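The values are calculated or read from the model by the stated rules, or taken from the named source; none is laboratory data. Treat the numbers as computed from the prediction; the structure is a model and nothing was measured. A quick note on method: Cβ atoms are made from the backbone with ideal geometry, for glycine too, and the neighbour counts reach across all protein chains shown. Note: areas computed on protein heavy atoms with side chains; ligands, DNA, RNA excluded. Shrake-Rupley method; radii C 1.70, N 1.55, O 1.52, S 1.80 Å.
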Amino acid sequence: MFEEKDYLMKMVKEFTAAISRIVGLKAEKNVEESQEVLNETLKSFTDLDIKVIEALPYDILIHKISGNTINSEKHLMLSELLTHQADIYDLKGETLRAKNLYIKSLNMMFNVLVEQNNPIAEQHNNKVDELLEKIGWFNLPKESKVLLFQYYELIQNYGKAEDVLFNLLKTDEQNDAVLRQGIAFYERLTQIDPAELLEGNLPMDEVFEGLETLKQYQK
């Protein structure tokens, strides 16, 4: 137990030092050296190179680095490394590659945070906000928006969850899976204290209104 804890602390310490170095090099716009440090860090923490990471879908990538055991720390570390790689591509003017990695990084974060179903540390919320600012949530693919919807409910930002839900339905009103998720979302909210709903920017009367609207979609 102690050996595992010591290993984790050592890994976090080394990762933090590497990230600090990458951030410094990016600030200096030293693209070549920041890429070298990032490549070394990726290989050290995931045993994968960037070409493989870019080619794999995020869910396969999660399985690749953790097998059958969810390793939240490694997933969040990889998510952060992907964000830094995307920043490097952005500095080089490779905007499409940057966007694809920002989205993959965001999906990995959502997957870990939603699966844990625990209170989310402020630092992770801030990283999600930073990525959403870089991409614009309305530009996300459908799969990412579904994860974003789940994430907003988890952090009790019910108003934003509703915004994402209706954006999904506007794009595809015949999506039965999203419709079912939306109805279940509103039904859960009817069981929540109205004061908590207000804090989450979605009053109880709007919850019932949204529920009725989705039931109309079903008909």
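Some observations on this one:
- Annotation: K29 fulfils all but one of (1) in contact with a helix residue (DSSP H, G or I) (Cβ under 8 Å, 6 or more places away or on another chain); (2) of a type outside the set (F, W, Y); (3) outside any loop (DSSP other than H, G, I, E, B); the unmet one is (3).
- Filtering the stretch 8-46 to residues that are surrounded by fewer than 17 Cβ atoms within 10 Å (Cβ to Cβ), in contact (Cβ under 8 Å) with a residue 12 or more places away in the chain, within 18 Å of A98 (Cα to Cα) and of a type outside the set (D, E, K, R) leaves V23, V31.
- Test: residue in the stretch 74-95 that is β-branched (V, I, T), open to solvent by 20 Å² or more (accessible area, probe 1.4 Å) and closer than 21 Å to F15 by Cβ: yes
- Checked against the criterion of being outside any helix (DSSP H, G or I) and either of a type in the set (G, A, S) or over 25 Å from L168 (Cα atoms) (or both), the stretch 70-89 has at least one qualifying residue.
- Within the stretch 47-58, the residues that satisfy the criterion of being assigned to a helix (DSSP H, G or I) and either open to solvent by less than 40 Å² (accessible area, probe 1.4 Å) or touching an Asp or Glu at 6+ places or on another chain (Cβ under 9 Å) (or both) are I50, I53, Y58.
- Restricting attention to the stretch 178-218, the residues being in contact (Cβ under 8 Å) with a residue 40 or more places away in the chain and in a loop (DSSP other than H, G, I, E, B) number 3.
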